Amino acid sequence: MIKIMFVCLGNICRSPMAEFVFKDMVKKQGLDKEFYIKSSATSYEEIGNDIHYGTRDKLIQKGISFERRKATRLKPEDYKKYDYIIGMEDSNIRNIKRIVGEDVDSKIYKLLDFSKNPRDIADPWYTGNFEVTYNDIVEGCVGLLEFLKDKYSI
């Protein structure tokens, strides 16, 4: 089983969106038994809060199922638990490394590094544009899934 942790600043917008988009993708391809997928934050700011209404509304609009959840923070022990820890932007990557330590096993990536156009995914908390964020996350998740299918021959 491939274990993936998506990470953003607060775990209410981008990382849960990536979690549910990726879960939807693997389920539609019959690969959901191959993956364990979660999300978390690098900060304590939103701990305990459910996903942002903008993320929730976008997932509903796109027909992607999700469940109520509470934002959690990445823990140092998550580095051993997960095969891939995937941030949304450079500042997430820096903060992930502050939490888990040095990336000795090359597990830490930025989501859009799996796309043909590597870049940061803007935080819709600040931009208000959940559509752009959604499209970027889909682009990254498609690339990530293709990478993993190739690497693990699934």
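Each residue of the range 76-83 is assigned a 3J(HN,Hα), and the resulting list reads x, 5, 5, 4, 6, 6, 9, 7 Hz, derived from the Karplus form 6.51 cos²θ - 1.76 cosθ + 1.60 (θ = phi - 60°), x at Gly and Pro.
Comparing S15, I108, Y82 along the charge dipole axis of the range 2-152, the residue lying farthest to the positive side is Y82, per the Cβ-charge model. When peptides 139-150, 52-63 are ranked by their average number of other Cβ atoms within 10 Å per residue, the highest-first order is 139-150, 52-63.
Radius of gyration (Cα atoms) of the chain, expressed as a multiple of 2.2 N^0.38 Å: 0.94. Taking GluC sites (Glu not before Pro) across the range 43-90, the ones in a DSSP loop with at most 15 further Cβ atoms lying within 10 angstrom of their Cβ are E45, E67, E77.
Remark: the D113-R94 segment gains 5.3 nm on full extension, using 0.36 nm per residue and subtracting the alpha carbon distance. Put the Cα centre of the range 1-43 next to the Cα centre of the range 63-103 and the gap is 10 Å. Remark: the chain carries a charge dipole of roughly 400 debye about the Cα centre, counting +1 on each Lys and Arg Cβ and -1 on each Asp and Glu Cβ. Of all complete DSSP H helices in the chain, those with a Cα span along the helix axis of 27 Å or greater and a mean Kyte-Doolittle hydropathy of -1.0 or more are 130-152.
Site pair E34 and E67 shows an inter-label distance of 2.3 nm when each label is modelled 7 Å from Cα along Cα→Cβ.
Note on the chain: GNM, Cα springs under 10 Å; of M25, M17, M88, the largest mean-square fluctuation is that of M25.
Across the cross-link table entries K3/K151; K58/K81; K3/K27; K58/K80, which are compared at the Cα atoms, the separations over 26 Å belong to K58/K81; K58/K80. Derived value for the range 1-63: Kirkwood hydrodynamic radius 12.1 Å. Basis is the mean of 1/r over every pair of different alpha-carbon atoms.
Values in this text are rule-based calculations from the coordinates and carry no lab data. These numbers come from a predicted model, not from an experiment. Cβ: placed from backbone, ideal geometry, glycine included. Neighbour counts: every protein chain shown.
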